[in-house]
Amino acid sequence: MEIDVVLPCLNEAAALPWVLGRMPDGFRPIVVDNGSVDGSAEVAAGLGAKVVSEVRPGFGAACHAGLVAATSDVVCFMDADASLDPAQAPRVCGPVLAGEADLVLGRRVPRPGSWPAHARVANAVLAGRLRRRTGAPLRDLGPMRACGRLALLELRLADRRFGYPLEMVLRAAAAGWRIHETEVDYLPRQGRSKVTGTVRGTLRAIGDMRRVMAAREPLRRPGP
């Protein structure tokens, strides 16, 4: 079975050769260019990736455009900045393919220099709130994740900014999905992150996620 890998992309020309070169057999990259000015789209196309253009700015907008462009039964999402190793995508997709989980998130195991302290603290706080809210055993809102394509479309995610990953988990939990977590390496990215690379970017992402969290009705903790 082939799996489409959605790669939201904003000025990642330097990282794309490594990322696309590490894509395993059977995994088809869909690079969603979200307004890059560094030639990212041309680099991706030259390396054989399918390139989708999303003019509406926003991480969620890029993710959704890639989801719509995908055709595989199972779809994988991951960042295009070389902070995640595509060679580890099978360990995230495996439980979904085996029918053991409906949504799998890659819990990041940080390598030196990969995860600033302010971003790590913010992620831990968010993960704790998610555990209490949904009952899902999550310790990380991991950016590498996999699930069924049609099932995800049916969740009708509305956020088109940084709240998209959080809304995915909240809606999946509300729909009774089996949500699992598996470890993946978290590497120093190429260039500076638009989110965790600055306190301002982290605060912006937190603001988007707070808005998504507030918009969702409290969820009951699943029974045994």
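The values are calculated or read from the model by the stated rules, or taken from the named source; none is laboratory data. On a predicted model such as this, the values are computed, not experimentally measured, just so you know. No Cβ is skipped: glycine too gets one built from the backbone with ideal geometry, and neighbour counts run over all protein chains shown. Quick note on the areas: whole protein, heavy atoms, side chains included, nothing else; ligands and nucleic acids left out. Shrake-Rupley method; radii C 1.70, N 1.55, O 1.52, S 1.80 Å.
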Checklist entry - Taking segment 29-44 as the region of interest, how many residues are open to solvent by 20 Å² or more (accessible area, probe 1.4 Å) and among the hydrophobic types (A, V, I, L, M, F, W, C)? => result 3
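Being in contact with a strand residue (DSSP E or B) (Cβ under 6 Å, 6 or more places away or on another chain) and of a type in the set (K, R): is that true of R131 here? Outline the logic, then answer.
Numbers: in contact with a strand residue (DSSP E or B) (Cβ under 6 Å, 6 or more places away or on another chain): no; of a type in the set (K, R): yes.
No, not satisfied.
Out of segment 21-60, which residues are in contact (Cβ under 8 Å) with a residue 60 or more places away in the chain and closer than 21 Å to R189 by Cβ? It would help to see each step written out before you state the result.
Kept after step one, since they are in contact (Cβ under 8 Å) with a residue 60 or more places away in the chain, are these residues of segment 21-60: 22-24, 27, 56, 58-60.
R22, M23, P24, F27, G58, F59, G60 - these are the residues of segment 21-60 that are in contact (Cβ under 8 Å) with a residue 60 or more places away in the chain and closer than 21 Å to R189 by Cβ.
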Checklist outcome for this item: Note on segment 180-213: residues out of contact with any helix residue (DSSP H, G or I) (no Cβ under 6 Å at 6 or more places or on another chain) and at pLDDT 90 or above are E181, E183, D185, Y186, L187, P188
Checklist entry - Of all residues in segment 7-28, which are buried (at least 17 other Cβ atoms within 10 Å of the Cβ) and closer than 14 Å to D81 by Cβ? => result L7, P8, C9, L10, N11, E12, A13, A15, L16, V19, L20
Next on the checklist: Show the residue pairs meeting these rules: Cβ distance below 7 Å; 6+ apart or different chains; first residue within segment 168-185 and part of a helix (DSSP H, G or I); second residue at pLDDT 95 or above and acidic (D, E).
Outcome noted: A172/D102
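So is A61 of a type in the set (A, V, I, L, M) and more than 21 Å from G21 (Cβ to Cβ) or not? I'd like the intermediate steps shown before the answer.
Values: of a type in the set (A, V, I, L, M): yes; more than 21 Å from G21 (Cβ to Cβ): yes.
In short, yes.
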Item to check | Subset tally (residues that are within 17 Å of the chain's Cα centre (by Cα) and at pLDDT below 90) for segment 83-123 | outcome: 6
